[in-house]
Each structure stands twice: as C-alpha cells, then as structure tokens.
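See structure below.
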Amino acid sequence: MEKLTKSLEKYLSVIYFLSKENKKLSPKNLGEITGHNAASVLEFVKGLQKKGYIEYKPYKGITITDLGKKYAKEIELKKETVSKFFNKFLLLDGEELKNQTEKLEYYIDANLIGRFNHFLDFISFCPAEVPSWFDGIKSYMENGEMSEKCANCIEGCLSNNLKPKCKG
C-alpha cells in the first residue's frame, strides 16, 4: 500500500467512518463535514481515487474500496494504540487525549506503533498487575513531586551504587 499524505489520510478516515454508517457521500457533503470548499475536496477525492482507495462517479457518489478500507482500518488501529498508550501511561484523557492523539496519529510510523503495542501487550499480561514503578510515575505526573517510596528507593540505590529494584 502506498503511504498517503496526512491530508489524504484524514479524508480517507472520514470517508471510511461515514461509509460504515451507510451515508451517501459526495464531494459536496464531504466538504460540509471537513469545512473545505468543493474544489479542494474534489482534488482530494481524485487523489484517493487515483491511488485506488475510493471510487468516485459524479452524481453517484463516493465509495471506499477494499484497499481503502484496509488502509483506513490501519489508521484507526494506529489512533486506538496511540490513544490507549497516552491514556494509560501518560494519564491523558478527555479533550487533551483527543487533541494529542490527533496531532500524532498521522506522523507515527508502523515501527513505533508496533513498539507501543508490544509495550501495552506486555503490561497487560505481566503477572504483576501494575508495575511497581507505575504508581510512582502516576504520582509524579499528577503532583509534580516524587513519592516518598520512589525518593527512598533512588536514594538507596545511589548511595549503594545499585540499580533500582522497584519492589513497590
């Protein structure tokens, strides 16, 4: 699959989302949804059609191809992964989570998404339900201060020239 520009990916995502709702798509209503004028929308539509991600027939509308669905599902999965990682480990939520995810989802490559997924998978099946360091980082992010447990652990490690053995 040919990599799309950020703008084309956004259009493909919108088309995919609307196609799941069985809404009839035309450049006009796509323009209303995206806030772009008809000429710009038509340019994006033609670009996606040329690459084989959608079919467009004037007066009949826009349909997404199997290739387009596959690419759009990858975009969706990337967005879910970034969102899950940001929420679980950086403690973002609400509008901040949505905004940060949208800013990055089109720029993160498959390798980094794979690493995020491996990290999330590992944490989910690790027998230590929540890694012991997680409470420490959560406290630090929320309060801007290191917990007493973490401070004592770090101090002990530094004074004994040891690596931390976070035991919670």
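No value in this document is a laboratory result; all are computed from the given coordinates. Just so it is clear, the structure is predicted and the values come from calculations on it, not from any experiment. Because the Cβ atoms are built from the backbone with ideal geometry, glycine has one as well, and the counts that use them run over all protein chains shown.
Search the structure for amide H atoms under 5 Å from the amide H of ILE54, placed 1.01 Å from N in the peptide plane, and list their residues when 5 or more places away or on another chain. Distant-sequence amide H within range of ILE54: GLN49, THR65. Selection among ILE137, LEU8, GLY61 by position relative to the dipole of the chain gives GLY61 as farthest towards the positive end (Cβ unit charges, Cα centre). Is the shape of the range 6-71 rounded, prolate or oblate, going by the alpha carbon gyration tensor and its root eigenvalues a ≥ b ≥ c, with a/c under 1.5 for rounded and a/b larger than b/c for prolate? Rounded is the answer for the range 6-71, as its axis ratio a/c remains below 1.5. Just to confirm the filter: which chymotrypsin sites (Phe, Trp or Tyr not before Pro) across the range 19-106 are DSSP coil and have at most 15 other Cβ within 10 angstrom of their Cβ? Sparse-neighbourhood loop chymotrypsin sites (Phe, Trp or Tyr not before Pro): TYR59. Applying a threshold of 18 Å to the alpha-carbon distances of LYS10/LYS98; LYS28/LYS78; LYS46/LYS98 flags LYS28/LYS78; LYS46/LYS98 as lying beyond it. The HN-Hα couplings worked out from phi for the range 100-110 by the Karplus form 6.51 cos²θ - 1.76 cosθ + 1.60 (θ = phi - 60°) are 5, 4, 5, 5, 9, 4, 8, 9, 7, 7, 4 Hz, whole numbers, x standing for Gly and Pro. Counting only alpha carbon atoms, the long axis of helix 38-50 and the longest principal axis of the chain meet at about 80°. Sites count as exposed loop sites when they are GluC sites (Glu not before Pro), lie in a DSSP loop, and have at most 12 other Cβ atoms within 10 angstrom; the longest stretch of the chain without one is 22-128.
Across the chain, counting alpha-carbon atoms alone, Rg and Dmax equal 22.3, 76 Å. When the Cα gyration tensor is reduced to axis lengths a ≥ b ≥ c, the ratio a/c is 1.5 or higher for the range 74-125, and with a/b not above b/c it is classed as oblate. Amide H contacts of LEU92 (H built 1.01 Å from N, in plane; Pro and chain starts excluded): ASN87 sit under 5 Å, all sequence-distant by 5 or more or on other chains. Placing a pseudo-label 7 Å from each Cα along the Cα-to-Cβ vector at TRP133 and GLU21 gives an inter-label distance of 4.3 nm.
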